[in-house]
Amino acid sequence: MKWSVIFEPQNLALYGNGILTTLGLLFSSLGIGAVLALIFALALTGPWAPLRWIVGAYTYVVRGTPLLIQVYMIYYGLGQLEWIQERWNDIWPWTYFKEPFFCALFAFSLNTAGYTAEMLAGAIRETNAGEIEAAQAFGMSRFQVMLRVVLPSALRRTLPAYSNEVVMMLQSTSLASAVPSMLDVTAAASRVYSDYYLPFVASFCLIAVFRLAERRFLAYLAPRKH
């Protein structure tokens, strides 16, 4: 392997642009998706049946269709509708649909929100009944029980599954290259390591960060040492 190819000025610039685009897309979509996922998870576990059905249908469609198709549907479908194009020069929020980065961000955010919502909803449903009963015995309202007991516990237990989702989202950013004018790290790197097969280590870095987080926040679940 010719590792020196990485440090050639033109390749460093190529990687730099790609990494900035990829990380911007990754963390922005994860942030927006996390907020949406929390709202959707509360809807999925809430008492309002119509809302559960609507959100459930959304997560079913998102998880049942490939991310690439979702990117195409937003950029080449929704973003190319004549009704939207007539308004995307001066009417908010349609002005954003002419931006390739926004279309990719929109698709990625909706995708990760669907998966994360189901993870979090499952963790909420699996909360130990004894914890809820104890909180109610202290006089907490339904809102207080959810905020102080159920959600903190569910978020910690969702962490291992969510780490897989983050890594999958990182790897899926290569699909952003399907949108014109988007230069992500995979599109940039492929020009270099397609000939040299140089490894990409960002996934391993993220896995290491989440392993440390799991040790910190899930320590109480580890087997006790005698």
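The values are calculated or read from the model by the stated rules, or taken from the named source; none is laboratory data. Not measured: the values here are computed from a predicted model. Positions of Cβ are generated from backbone atoms using ideal geometry, with glycine treated the same way; all protein chains shown enter the neighbour counts.
Among the residues of the stretch 73-86, are any at pLDDT below 75, assigned to a loop (DSSP other than H, G, I, E, B), surrounded by fewer than 12 Cβ atoms within 10 Å (Cβ to Cβ) and in contact with a helix residue (DSSP H, G or I) (Cβ under 6 Å, 6 or more places away or on another chain)?
No - not one qualifying residue is present in the stretch 73-86.
Within the stretch 136-148, is there a residue that is of a type outside the set (A, V, I, L, M), in a helix (DSSP H, G or I), over 20 Å from SER29 (Cβ atoms) and under 22 Å from the mean Cα position of the chain (by Cα)?
Checking the stretch 136-148: not a single residue is of a type outside the set (A, V, I, L, M), in a helix (DSSP H, G or I), over 20 Å from SER29 (Cβ atoms) and under 22 Å from the mean Cα position of the chain (by Cα).
Before we move on, is PHE143 modelled with pLDDT of 90 or more and either of a type in the set (D, E, K, R) or over 28 Å from LEU212 (Cβ atoms) (or both)? Steps first, please.
Values: modelled with pLDDT of 90 or more: no; either of a type in the set (D, E, K, R) or over 28 Å from LEU212 (Cβ atoms) (or both): yes.
So PHE143 fails the test.
Does at least one position in the stretch 48-70 carry a residue that is part of a loop (DSSP other than H, G, I, E, B), at pLDDT 85 or above and under 21 Å from VAL179 (Cβ atoms)?
Looking for residues that are part of a loop (DSSP other than H, G, I, E, B), at pLDDT 85 or above and under 21 Å from VAL179 (Cβ atoms), one finds at least one in the stretch 48-70, hence yes.
Restricting the search to the stretch 25-56, which residues are exposed (fewer than 14 other Cβ atoms within 10 Å of the Cβ) and either closer than 13 Å to LEU110 by Cα or in contact (Cβ under 8 Å) with a residue 24 or more places away in the chain (or both)?
If the condition is that a residue be exposed (fewer than 14 other Cβ atoms within 10 Å of the Cβ) and either closer than 13 Å to LEU110 by Cα or in contact (Cβ under 8 Å) with a residue 24 or more places away in the chain (or both), then GLY31, VAL35, ILE39 are the ones that fit.
Only one residue in LEU105, LEU68 is surrounded by fewer than 15 Cβ atoms within 10 Å (Cβ to Cβ), of a type in the set (A, V, I, L, M) and touching a residue at least 60 places away in the same chain (Cβ under 8 Å). Which one?
Step by step, each of LEU105, LEU68 is checked, and only LEU68 is surrounded by fewer than 15 Cβ atoms within 10 Å (Cβ to Cβ), of a type in the set (A, V, I, L, M) and touching a residue at least 60 places away in the same chain (Cβ under 8 Å).
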